[in-house]
1. Of all residues in the range 299-319, count the ones that are of a type outside the set (D, E, K, R), buried (at least 17 other Cβ atoms within 10 Å of the Cβ) and in contact with an Asp or Glu (Cβ under 9 Å, 6 or more places away or on another chain).
2. Just to check your reading of the model, which residue among 324, 339, 343 is assigned by TED's automatic domain parsing to the domain that holds residue 20, in a strand (DSSP E or B) and within 18 Å of the chain's Cα centre (by Cα)?
3. With respect to residue 255, is the statement that it is assigned by TED's automatic domain parsing to the domain that holds residue 210 and surrounded by 21 or more Cβ atoms within 10 Å (Cβ to Cβ) true?
4. Tell me, which residue of the range 146-160 that is farther than 22 Å from residue 344 by Cβ and not small (Gly, Ala, Ser) is surrounded by the most Cβ atoms within 10 Å (Cβ to Cβ)?
5. Being touching a residue at least 12 places away in the same chain (Cβ under 8 Å), charged (D, E, K, R) and under 30 Å from residue 259 (Cα atoms) is the requirement here; does residue 175 meet it?
6. For the range 179-223, how many residues are over 28 Å from residue 350 (Cα atoms) and in a loop (DSSP other than H, G, I, E, B)?
7. If we scan the range 120-133, do we find a residue that is in contact with a strand residue (DSSP E or B) (Cβ under 7 Å, 6 or more places away or on another chain), at pLDDT below 95 and closer than 27 Å to residue 352 by Cβ?
8. Taking the options 143, 147, name whichever one is touching a residue at least 12 places away in the same chain (Cβ under 8 Å), over 30 Å from residue 244 (Cα atoms) and over 19 Å from the mean Cα position of the chain (by Cα).
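The values are calculated or read from the model by the stated rules, or taken from the named source; none is laboratory data. Here the structure is a predicted model, which means the values were calculated and not measured. Heads up, the Cβs are rebuilt from the backbone with ideal geometry, glycines too, and the neighbour counts pull from every protein chain shown.
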Amino acid sequence: MLKPLVGITMGDPFGNGPEITVKALSDEKLYERCRPLVVGDASSMKYALKVAKKVDGVDLHLNVVDKPEEGKYTFGTIDLLDLSLVPETEIPDTSDLESPKPFKIGACALGGEAAFQYVVKVIDLAMKGEIDATVTNALSKEAINMAGHHFAGHTEIYASYTGTKKYTMMLAHGDLRVVHVSTHVSLREACDRVKKDRVLDVIRIANEGCKALGIKEPKIGVAGLNPHSGENGMFGWEEVEEIHPAIEEAMKEGILIPDKRSTPPDTIFSKAAGGWYDIVVAMYHDQGHIPLKLKGFVYNREEQRWEAVEGVNVTLGLPIIRASVDHGTGIDLAGSGRSSEVSLVNAIDYAVQMVRSKNK
């Protein structure tokens with residue numbers, strides 16, 4: 001069987017996505033696991049290759065293609081589907097520099113438009129069956145909105161362009177996984193969105209998502225919304241009126257929820273890290289993001305830099321596979337050669353794992 005063909009968006013052309021992509025594809029072992037195809041701009045990728053060569057001595061070459069089947073998919077060559085949206089004049093010249101320097105153009109409509117179109121392209125390729133999975137580098141929500149595309153992020157773009165109504169974001173770091181009842185809304189609105197039907201949908205999606213990763217009988221933890229899961233209404237009624245009925249319905253469908261009720265949010269992630277669950281259903285964005293990033297983002301105090309940024313973001317419920325880095329565009333790091341590729345490599349591996357589980 002052919003290795004999975006994975007479409008990788010370059011991310012914001014003025015961020016560190018192009019450099020992270022080059023770093024990830026400078027590992028020969030990655031080509032033993034998949035066939036990577038970058039979707040982006042040759043101008044940004046050429047700059048990233050110069051940075052990699054100056055900083056790390058990496059010597060890779062571009063192979064610009066019009067279609068996925070034209071790729072070589074061999075180590076030493078980066079296959080690029082070039083959308084030609086960013087002119088060479090917008091990219092700094094590194095030829096006369098002793099060492100690369102960051103260029104801080106910031107969020108802008110040009111970068112937002114380009115990053116948005118890369119995403120639309122990989123979605124189209126996946127929907128047509130021309131690639132097996134999609135992986136995304138970071139884009140700027142501010143920039144894509146400046147370009148006139150009013151989406152809260154990648155997840156909503158994918159849902160819109162695939163016609164998906166029931167979906168959720170999953171964050172993962174190793175065996176610690178979390179999905180969300182709501183994400184990019186205010187905290188007040190997030191509380192209002194904790195309804196039985198939505199909680200039940202997310203439990204179902206979490207169950208199927210784990211199975212897509214090869215987990216035969218997923219164990220699911222469901223977080224409460226309120227302190228102590230509401231203490232039977234003492235601190236809030238959402239658990240009694242919305243969350244517990246959803247859990248009861250899910251268990252009737254054969255979904256395994258070991259606690260048989262919601263688990264207090266201040267203890268559920270300790271239990272998850274200890275192996276009690278395969279995945280946790282969080283009620284809102286930060287309830288799930290904070291513990292995942294606490295584990296996946298490691299800051300080196302002595303050297304004053306991020307030692308590791310390793311989380312993965314997967315959208316569940318889609319008709320196609322999408323995994324992503326779990327960090328921002330790194331515009332302040334662009335051109336420095338100091339960005340870590342670990343999250344991107346992890347995202348690619350997650351996508352490959354999902355393809356292989358799907359094809360079993």
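1. Selection size over the range 299-319: 6.
2. Going through 324, 339, 343 in turn, the sole match is 324.
3. no
4. My answer is 149.
5. On the way: touching a residue at least 12 places away in the same chain (Cβ under 8 Å): yes; charged (D, E, K, R): yes; under 30 Å from residue 259 (Cα atoms): yes.
Yes, satisfied.
6. 4
7. No.
8. Values: 143 fails: over 19 Å from the mean Cα position of the chain (by Cα).
When all the criteria are applied, what remains is 147.
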